[in-house]
Structure formats: structure tokens, C-alpha cells
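Student: Have a look at the structure that comes next, please.
The values are calculated or read from the model by the stated rules, or taken from the named source; none is laboratory data. Predicted, not measured: the structure shown is a model, and the values here were computed from it. Ideal geometry is used to build each Cβ from the backbone, glycine not excepted, and the neighbour counts take in all protein chains shown.
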Amino acid sequence: MLKFDHVSKRYQDAGDALIDVSFHLQKGEMAFLTGHSGAGKSTLLKLIAMMELCSRGHVLLDGQNLNKVREKQIPFIRRKLGLIFQDNKLLQDRTIFDNVALPLVISGYGQQQIARRVRAALDKVGLLRKEKKYPLTLSGGEQQRVGIARAVVNKPQLILADEPTGNLDPELSAEVMQLFEQFQNVGVTVLIASHDIDLLKQMGHRVLTLDHGNLKTRSS
């Protein structure tokens, strides 16, 4: 599903962010990406989301070499991805329904299909009854779940999450991780960047550890 083949990324001003990184995630696999601040986690996720291109090597998503994707193809490739951030970037002047619907509106779906998909996604994260609420009326954990619903409403093949539990207490963090496991259980590949080593150990999935741009461990 996702393959890094001897990938390096060098910035002209900041030097090497990733150095000869290789790993392979199978379809339906869930894995964690960890490492110190500045280790290269965000850079790695940006390469998958095509916000950056690698300097050397190849990033393959579902067999497609992302370095060879034309600019006009990028929006179509990104539809395979669900992106989740620590700051869930919700639109505060839009309802929960409208926030989750946004990717479908951009993709040109009809109103009936949007309504069906949005409500299914909200039901999955336990927020169906709050579709008419606004983000500021929700707790931090609920807002993060809205972000997850928005990420999965397009039925992505791969979920990328960057510190999705960074602002949550341990109990809410565990709940969010259980949601990710539910998506993995139906065949979605999940890659989560996190500093929370204790939580990662509890989950029991493979951990990829970056150290100054080098991939150090590949075991669970």
C-alpha cells in the first residue's frame, strides 16, 4: 500500500530531514511513527501527502510513484488519503455537518450522497446527534473526532495522523486510538505520528522510530 524506497529529503537551508529511509506498510496495516522533535516525522508525512517531493529514492502509494505524479493529478491522488492533525483545523463558523462535508463538496458530490456519507462518518465517531452544533460547543476530544470523521468521509485507503492525541488526556487518547483501529479493521491503512511512547506500547502495533532523519527501528 505504502512503500518508501531509500528515500532522502534535503532542504537547501536546513540540510537533511530524511536519510535513506525504507519501509513498507501493507494494506490494512496500522503503524506508528515516532522520534524526537525535528527527527523528520512531519517531513515524512508531507512526502506522502505530496506537500513535498523527496530528493532521492521513491515514495510509492498503491503502486504509484509519487515523484512522477503530474501536478494536475495531485488532487485525485490525495482523495486516497485522510489527513488528521493535532490542531484539527475545523471551521468555527460552520456546523459539524458542514465541516465533515467539506471534502465531498470540493469533490463535487451531490447533496444526497453528501448527506448519507457525512451522517455515516459522524455515526462512526459517535457524533451523529451533534451534526447541527458548532465546533466551539464541543469538547477537545469531540472536536478531534470531528476531524477524524472529516478525514474518513471520502473513504480513504490511507489515514495519516500527525499527533492526533497531543492535546488529549490519556482516556480520550485511548478512545481516539480505538477509532483508528476500527478503520484498520475494515481494511484502511493507518500511519500515526506520535510522541506518546506509553500509548504506543499499549497499542501493540509496529513502531517506526526516526532519529535525526534516520529510520532506526522497524519492529512492533
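Student: Are any of the residues in region 122-144 surrounded by 13 or more Cβ atoms within 10 Å (Cβ to Cβ), in contact with a Gly (Cβ under 6 Å, 6 or more places away or on another chain) and either at pLDDT 95 or above or under 25 Å from residue 48 (Cα atoms) (or both)?
Tutor: The answer is no; no qualifying residue exists.
Student: Can you name the residue in region 53-91 that is part of a helix (DSSP H, G or I) and charged (D, E, K, R) and, of all such residues, is nearest to the chain's Cα centre (by Cα)?
Tutor: Per the criteria, the residue is 78.
Student: Can you spot a residue in region 198-207 that is within 28 Å of residue 24 (Cβ to Cβ), hydrophobic (A, V, I, L, M, F, W, C) and crowded, with 22+ Cβ neighbours inside 10 Å?
Tutor: Taking every residue of region 198-207 in turn, none turns out to be within 28 Å of residue 24 (Cβ to Cβ), hydrophobic (A, V, I, L, M, F, W, C) and crowded, with 22+ Cβ neighbours inside 10 Å.
Student: Considering each of 189, 209, 165 in turn, give the residue that is touching a strand residue (DSSP E or B) at 6+ places or on another chain (Cβ under 9 Å) and modelled with pLDDT under 90.
Tutor: 165
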